[in-house]
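The values are calculated or read from the model by the stated rules, or taken from the named source; none is laboratory data. Note that the structure is a prediction, hence the values are computed from the model and not measured. When we count neighbours, we look across all protein chains shown, and the Cβ atoms used for this are built from the backbone with ideal geometry, even at glycine.
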């Protein structure tokens, strides 16, 4: 069979995949893999979903562990300039060539950038301004240019006592397809309720959780919004969640959530009328975070909006946290069709619940099933049958064989009277040729699925899997860890197999803020993974081939050192995102003895063990040439150790460090082979 190369992949497939990887990977990873990937990343279809980080400029980020800090610093490092927010946003919007349909604005978005978006994004369907502090007066004039707007999410600064009444009529006037409004923390009186009913007659999804209501206003919404299918008024104030009248009026709404709502005893029902507490101040008083994402259950949304659009919104815009669908998975049995039902029989039937999130592919579902059931993937193929409701009293077996089948499975909770999804597995021995092909895949050959007839039938677990590049030409190793772990494997079997190759795991750059990464991992695999276990899992993926290792901040607080002593003998670059305690720092000299090929070391806020570390480097690491000690204190001992043990060092970074002038002069005089010295943002004491 003719060999295929990564750079020869079909352009449509590349664009389809790159449109899912996120702004950071699309801007800073994908273009540097090869020329075809660079060209594909310039296609406007890759830039339909513009999910800007909360902060763009590193100087605006106060928290050291902010998930946006890595993106911002990489942006500056890659392009060697600190772009203005307006210039960066214009640059990204221009990439979309007017095709952008989803935009989430950053917190530091400027009025000029907002105006540019209004003029250049006429196809906009979803707008999220939750982070931004724009007033409604800034946003309202732009609505007339977004005729296709369907979804909008406002922050608590946009829903004060009078803002709702000003913005809703404009949405109703210009946006005829508008069906979804999220406005938590709002203050809803009769005027606001009247504006919702009169201006948004097509409204189907409304989120007003953590809001303050007049009960009569909620009654007006329930009586006037006839097309509502989802109303979230959880944890609101002004009515009780067990109010019989409210529950009766809401009975026609398929998804009505009011849990935790009630009257505030010390304030009473006259809160809104008396204005005894400032609205925004009270929102802070009840400890509400600006970034609440659990807005919608999302199950019923798939019956209304186009699936691709909805999946894209849920994955990229994060207008809500996808809660997933609970699925009972049965195996070790056979399906039996009865007159009005489907039963599953067997001598030793097992059942285990799994959670499947909207947007999960068929390949992703298979991965979850094999991981849960421990069925030998290389020995058995699975037939997946869903117990699908035709009515509240009748079911039929529906085979799940592709991505569309998974979408159909996720519709089950929306069926009347059905609250549990059941799938039944039938195991079939894998054909001999399939077993041979699987064995070949682990030996760096082209990934081809072989059928019973011995020929390539062109079928894989995903409709995107018609390209099988040779693993020797693997370009996947150049993308980031998050993309490699959570995006690439779900494209198709061939790409999944490629990600298992140790060559893809040579550069283990863990994210600085592991918590945000861990949240996505937990959603994908339905389990919380301890940081030490996760690091061990990733390091094992490299099969002792790792040459770069950058550990996350959380790792420095755990017993990570034992994992690295023998697992990374080929390491060339080692660094830590976080601050080292003296106890943990004392382990590094011992580790360095095992890293004979070490060339680069980065220690943030380096401790007093630096001299001992440099001694070990001088003894064991003959190729060492770069030391980075950002935000460290470089005293006389540290400076003396640098010039004594690393006299031939070529690259030294003391960015943000504190150093006395005399110690800096010592380094400059003695390290004669330095070609790069970084002292930006440093404090030089005279």
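Among residues of the stretch 80-105 being farther than 16 Å from residue 47 by Cα and either over 24 Å from the mean Cα position of the chain (by Cα) or not in a helix (DSSP H, G or I) (or both), the one that is modelled with the lowest pLDDT is 80. Inclusion of residue 375 among residues that are modelled with pLDDT of 80 or more, not assigned by TED's automatic domain parsing to the domain that holds residue 255 and not in a loop (DSSP other than H, G, I, E, B) is not warranted. The residues of the stretch 518-567 that are modelled with pLDDT of 85 or more, out of contact with any strand residue (DSSP E or B) (no Cβ under 6 Å at 6 or more places or on another chain) and in a loop (DSSP other than H, G, I, E, B), listed by number, are 542, 543, 544, 545, 547. Selection of the stretch 220-242 for residues being surrounded by 18 or more Cβ atoms within 10 Å (Cβ to Cβ) and part of a loop (DSSP other than H, G, I, E, B) yields 225, 228, 229, 233, 234, 235, 236, 238, 239.
Only residues that are at pLDDT below 85, assigned to a helix (DSSP H, G or I) and closer than 20 Å to residue 509 by Cβ were counted across the stretch 32-45, and they come to 1. Only helices (runs of 4 or more DSSP H) whose full extent lies in the stretch 582-686 are considered here, and the ones with at least 2 residues that are within 30 Å of residue 506 (Cα to Cα) are 582-585, 588-592, 610-620, 636-645.
Taking the options 148, 251, name whichever one is surrounded by fewer than 19 Cβ atoms within 10 Å (Cβ to Cβ) and not in a helix (DSSP H, G or I).
Result: 148 is the single residue among 148, 251 that is surrounded by fewer than 19 Cβ atoms within 10 Å (Cβ to Cβ) and not in a helix (DSSP H, G or I).
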